[in-house]
Amino acid sequence: MIEFSNVSKVYPNGVVGLDDVNLTIEQGEFVGIIGLSGAGKSTLINTIMDGFSPVQQSVFVFRDTIRNNITLFKEFDEEKVKKAADQAGLRELIDKRGLNDSCGENGNKLSGGERQRIAIARALLRGSQVLLLDEATAALDNQTSYAVIDAVLSMKEMTEIIVTHRLEEKLLYQYDEILVMHAGEIVEKGTFQELMQKKGFFYSLYVVSKE
């Protein structure tokens, strides 16, 4: 369980990152964090990041095999590597090219979505109980972003906390709870249905995103 009680953070320039945040996330929950730029989403993620496995926009991929990019040169049972790759949505890539194919210089033989999935597979292989995605799919097209997030939300063993600016209804329905941030505060929380029924801040963000 992750629990915050009256947590605040103010940066040296006086900008408020978090303002009296109270939060409880149970083991195995899927949680989405939503808000405008500067709302405090990344500050919240950074505050709980230590000890967990963040997946961010920029994924470092080196010139070596798909296997070594997933394992980071550590020894893992073959079945564990394949399971992590499978869960991260890499089956099609591996069936086509194999684990021993090269990722190319700086991962130039991989698509953006494949690089993100390798980062997710790394986290799964390390056995992290919590997976954090901080705008991890922001640089991807809508279809690829949807596929990556959908693959993450299909994993049932982990607590997953996802910062996103993409308000896709089918994905939003999958979250156990959505946290809506504004000016460093969690101003609303609930399921997609609950937040839409409130017709508050989240409702406004969602409607505007569809215009």
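The values are calculated or read from the model by the stated rules, or taken from the named source; none is laboratory data. These numbers were taken from a predicted model, which means no experiment stands behind them. A quick note on method: Cβ atoms are made from the backbone with ideal geometry, for glycine too, and the neighbour counts reach across all protein chains shown. Ligands, DNA and RNA are stripped out before the accessible areas are found, and what is left, the full protein with its side chains, is counted by its heavy atoms. Shrake-Rupley method; radii C 1.70, N 1.55, O 1.52, S 1.80 Å.
Here's a check for you: in segment 177-195, which residue that is in a helix (DSSP H, G or I) and in contact with a strand residue (DSSP E or B) (Cβ under 9 Å, 6 or more places away or on another chain) is nearest to T144 (Cα to Cα)?
Taking segment 177-195 and keeping what is in a helix (DSSP H, G or I), we get 192-195.
Keeping just the survivors that are in contact with a strand residue (DSSP E or B) (Cβ under 9 Å, 6 or more places away or on another chain) gives 192, 194-195.
Values: F192: 22, E194: 28, L195: 26 Å.
Checked segment 177-195; the qualifying residue nearest to T144 (Cα to Cα) is F192.
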Query raised in the report: What number of residues within segment 91-137 satisfy the criterion of being of a type in the set (A, V, I, L, M, F, W, C), under 16 Å from D64 (Cα atoms) and open to solvent by 10 Å² or more (accessible area, probe 1.4 Å)?
Result: 5
Query raised in the report: Has segment 25-47 got at least one residue that is at pLDDT below 95, among the β-branched types (V, I, T), outside any strand (DSSP E or B) and buried (at least 18 other Cβ atoms within 10 Å of the Cβ)?
Result: yes
Query - Which numbered condition Q174 misses (of (1) surrounded by fewer than 20 Cβ atoms within 10 Å (Cβ to Cβ); (2) assigned to a helix (DSSP H, G or I); (3) among the polar types (S, T, N, Q)) - result: (2)
Requested in this report: With the condition kept exactly as written, say whether any residue in segment 60-79 is part of a helix (DSSP H, G or I), under 19 Å from the mean Cα position of the chain (by Cα) and exposed (fewer than 13 other Cβ atoms within 10 Å of the Cβ).
Outcome: no
Query raised in the report: Of these, V55, V21, which one is under 22 Å from V130 (Cα atoms), surrounded by 20 or more Cβ atoms within 10 Å (Cβ to Cβ) and over 20 Å from the mean Cα position of the chain (by Cα)?
Result: V21
